[in-house]
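The values are calculated or read from the model by the stated rules, or taken from the named source; none is laboratory data. Since we're looking at a predicted model, the values are computed, not measured. Neighbour counts run over all protein chains shown; Cβ positions are idealised from the backbone, glycine included. For the accessible areas, the whole protein counts, side chains as well, though only heavy atoms, and no ligand, DNA or RNA atoms are used. Shrake-Rupley method; radii C 1.70, N 1.55, O 1.52, S 1.80 Å.
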Amino acid sequence: MNNTVIQVENLSKQYRLGEVGTGTISHDINRWWAKVRGKEDPFLKIGEANDRATKGNSDYVWALQDINFEVKQGEVLGIIGRNGAGKSTLLKILSKTTTPTTGNIKVKGRIASLLEVGTGFHPEMTGRENIFLNGAILGMTRKEIKSKFDEIVDFSGVERYIDTPVKRYSSGMYVRLAFAVAAHLEPEILIVDEVLAVGDAEFQKKCLGKMKDVSGQGRTVLFVSHNMAAIENLCNNVFLLANGKAHSFGETQTIIRNYLNLNAATNEEGIFTNTDRKGNATIKFTKIVMYDNKTGKEVKDIQSGADVKFRFFFERNVEQLNDVMLAIGINDQHDHRISFLSNEIIDKKIEPTADKNYWDIIINKIPLTVGRYTITVFCTVQREIADWIQNAFTFDISSGNFYNTGKQVSQGSGSVLLSYQYE
């Protein structure tokens, strides 16, 4: 028996930049004339890949291009990729909130989607009314919804406000109730985007547990996240998107490694053209380089226990730079934050001189185990965000003599090495 519940074939989605629809009567007429004659849409031949790091020449862009995969009943499929890779567009198409430009999707069963805060809720209606509204949309009877009502309210933790219009809810309350509704009204397929990041850590853990329960009951979950630990913990298989195209599909650990390798490849190109960033560009980082601080040589990987220097090159857009804060977050290969470094924490001023276009951060005897790590860089000038780049740099730690005993710590022994003694 074929237990495939989602089958995607040659799926593509094209958008016209800066406009709603095609934008001109001539485009509409050309499309209509092609359709009348049984010809292909002429504008499908135009368009560029969805690479946000480069400036294109066409008014058309492929948010998704030639996507093919299938999902089995009871499977939890993780969908990962950098910002702008096409993940949310894919989920919107699967949820039928937007249509594909080309390709086919075959779905067996009801779909409940949680794509962004407030999806499927009417702001003027109360939490109670929205529960019944969502259940009706899923095709459930009022009796079926009532049988689940108390369980939904208890899971969401918003019982006190259940008869208040949801427009007065905080984003966290919105997500709590929306997830509770989506997960408890027994859809055959549950689609969850990164929206869970709005909730607190305890609620996120609760949601992951519920998604495991849902899949254990034979229902299917599609889960988008940048949290590789959550993906690894929850998903049977993972689908990696890059610039709107399928990069790889398969076993979770393998695809996560592919994703981290993909991020590492951007180091070679520098980060000046990276558009996945926030800030007013008072300072804009152009490149990050790692050095062995004893030899002064640029390196791609460093041994555990070595002295390492990270150099952050930047360009400035103002003459004077005052009250500067430079911080980095270091995440391990499971995307866990393991360290946060900031000049403010150690009371160090870093006002740059006119002839200097970089800052250094030196870590003596780097206490990390074997693996791949990523750096997020964050800079403020006069308390305003100047530049903030997620996963701006990736580096590798190889086995080293951290404890000066000649004995090396094996891979898989956590992420951080501690100096300690026995007495």
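Here is a list: D396, D360. Which entry is in contact with a helix residue (DSSP H, G or I) (Cβ under 9 Å, 6 or more places away or on another chain) and surrounded by fewer than 20 Cβ atoms within 10 Å (Cβ to Cβ)?
Working: D360 fails: in contact with a helix residue (DSSP H, G or I) (Cβ under 9 Å, 6 or more places away or on another chain).
Going through D396, D360 in turn, the sole match is D396.
Going residue by residue through the stretch 171-190, is there one that turns out to be in contact with a Leu (Cβ under 8 Å, 6 or more places away or on another chain) and more than 23 Å from V5 (Cβ to Cβ)?
Looking for residues that are in contact with a Leu (Cβ under 8 Å, 6 or more places away or on another chain) and more than 23 Å from V5 (Cβ to Cβ), one finds at least one in the stretch 171-190, hence yes.
Among the residues of the stretch 242-249, is there at least one that is in contact with a Lys or Arg (Cβ under 9 Å, 6 or more places away or on another chain), under 25 Å from V5 (Cα atoms) and either modelled with pLDDT of 85 or more or open to solvent by 10 Å² or more (accessible area, probe 1.4 Å) (or both)? It would help to see each step written out before you state the result.
Here is the first cut: in the stretch 242-249, the residues in contact with a Lys or Arg (Cβ under 9 Å, 6 or more places away or on another chain) are 242-244.
Now drop any that are not under 25 Å from V5 (Cα atoms), which leaves 242, 244.
Remaining after also requiring either modelled with pLDDT of 85 or more or open to solvent by 10 Å² or more (accessible area, probe 1.4 Å) (or both): 242, 244.
Within the stretch 242-249, one or more residues are in contact with a Lys or Arg (Cβ under 9 Å, 6 or more places away or on another chain), under 25 Å from V5 (Cα atoms) and either modelled with pLDDT of 85 or more or open to solvent by 10 Å² or more (accessible area, probe 1.4 Å) (or both).
Where the second residue is in a helix (DSSP H, G or I) and charged (D, E, K, R) and the first is crowded, with 20+ Cβ neighbours inside 10 Å and lies in the stretch 212-234, which pairs have Cβ atoms under 6 Å and are six or more apart or on separate chains?
Within 6 Å, the pairs are V224/K87; V224/E194; S225/E194.
Kindly evaluate D347 against the criterion of being out of contact with any Cys (no Cβ under 8 Å at 6 or more places or on another chain), open to solvent by less than 70 Å² (accessible area, probe 1.4 Å) and among the acidic types (D, E).
Numbers: out of contact with any Cys (no Cβ under 8 Å at 6 or more places or on another chain): yes; open to solvent by less than 70 Å² (accessible area, probe 1.4 Å): no; among the acidic types (D, E): yes.
Answer is no for this residue.
Just to verify a result, which residue in the stretch 132-157, among those that are in contact with a Lys or Arg (Cβ under 9 Å, 6 or more places away or on another chain) and part of a helix (DSSP H, G or I), is most open to solvent (accessible area, probe 1.4 Å)?
Out of the qualifying residues, it is A136.
Out of the stretch 286-310, which residues are assigned to a strand (DSSP E or B), of a type outside the set (V, I, T) and open to solvent by less than 60 Å² (accessible area, probe 1.4 Å)? Explain how you work it out, then say what you get.
To start, the set of residues in the stretch 286-310 that are assigned to a strand (DSSP E or B) comprises 286-292, 298, 301-303, 308-310.
With the extra rule that they be of a type outside the set (V, I, T), the set shrinks to 287, 290-292, 298, 301, 303, 309-310.
M290, Y291, D292, K309, F310 - these are the residues of the stretch 286-310 that are assigned to a strand (DSSP E or B), of a type outside the set (V, I, T) and open to solvent by less than 60 Å² (accessible area, probe 1.4 Å).
Out of I375, I350, I361, report the one residue that is touching a residue at least 24 places away in the same chain (Cβ under 8 Å) and within 24 Å of the chain's Cα centre (by Cα). Give the steps one after another, and end with the answer.
Values: I350 fails: within 24 Å of the chain's Cα centre (by Cα); I361 fails: within 24 Å of the chain's Cα centre (by Cα).
Result: I375 is the single residue among I375, I350, I361 that is touching a residue at least 24 places away in the same chain (Cβ under 8 Å) and within 24 Å of the chain's Cα centre (by Cα).
Would you pick out the residues in the stretch 391-423 that are farther than 15 Å from K300 by Cα, modelled with pLDDT of 85 or more and under 25 Å from the mean Cα position of the chain (by Cα)?
Of everything in the stretch 391-423, just one residue is farther than 15 Å from K300 by Cα, modelled with pLDDT of 85 or more and under 25 Å from the mean Cα position of the chain (by Cα), namely V416.
Considering only residues that are in a loop (DSSP other than H, G, I, E, B) and on the phi > 0 side of the Ramachandran plot, look in the stretch 64-121 and name the one that is modelled with the lowest pLDDT. Break it down into steps so the answer makes sense when it comes.
Pass one, the stretch 64-121, residues in a loop (DSSP other than H, G, I, E, B): 73-75, 81-86, 95-101, 108-110, 115-121.
Imposing the further condition that a residue be on the phi > 0 side of the Ramachandran plot reduces the set to 74, 81, 84, 86, 96, 109, 118, 120.
On the way: G74: 90, G81: 87, G84: 77, G86: 89, K96: 85, G109: 87, G118: 60, G120: 70.
Here the answer is G118.
Which pairs do you get when a residue that is free of Cβ contacts under 8 Å to residues at least 60 places away in the same chain, found in the stretch 96-115, comes within reach of a residue that is of a type outside the set (A, V, I, L, M) and surrounded by 15 or more Cβ atoms within 10 Å (Cβ to Cβ), reach meaning Cβ atoms under 9 angstrom, with the pair 6+ apart or on two chains?
That search, which allows pairs on different chains as well, returns K96/S113; T97/S113; T97/T119; T99/K13.
On the given criteria, is I283 under 26 Å from the mean Cα position of the chain (by Cα) and open to solvent by less than 10 Å² (accessible area, probe 1.4 Å)?
Yes; evaluated as a whole, the condition is true for this residue.
Can you spot a residue in the stretch 174-190 that is farther than 25 Å from Q217 by Cα and open to solvent by less than 70 Å² (accessible area, probe 1.4 Å)?
So in the stretch 174-190, the residues farther than 25 Å from Q217 by Cα come out as 174.
Next, only the ones that are open to solvent by less than 70 Å² (accessible area, probe 1.4 Å) stay: 174.
Yes, there is a match, as at least one residue in the stretch 174-190 is farther than 25 Å from Q217 by Cα and open to solvent by less than 70 Å² (accessible area, probe 1.4 Å).
Quick one: would you say Y161 is among the hydroxyl-bearing types (S, T, Y) and surrounded by 20 or more Cβ atoms within 10 Å (Cβ to Cβ)? Can you show your working first?
Numbers: among the hydroxyl-bearing types (S, T, Y): yes; surrounded by 20 or more Cβ atoms within 10 Å (Cβ to Cβ): no.
So Y161 fails the test.
Would you confirm, using the coordinates I've provided, whether E129 is part of a helix (DSSP H, G or I), loosely packed, with under 14 Cβ neighbours inside 10 Å, over 28 Å from the mean Cα position of the chain (by Cα) and at pLDDT 90 or above?
Values: part of a helix (DSSP H, G or I): yes; loosely packed, with under 14 Cβ neighbours inside 10 Å: no; over 28 Å from the mean Cα position of the chain (by Cα): yes; at pLDDT 90 or above: yes.
No; evaluated as a whole, the condition is false for this residue.
Is there a residue in the stretch 311-334 that is open to solvent by 20 Å² or more (accessible area, probe 1.4 Å), under 30 Å from A201 (Cβ atoms) and modelled with pLDDT under 90?
Checking the stretch 311-334: at least one residue is open to solvent by 20 Å² or more (accessible area, probe 1.4 Å), under 30 Å from A201 (Cβ atoms) and modelled with pLDDT under 90.
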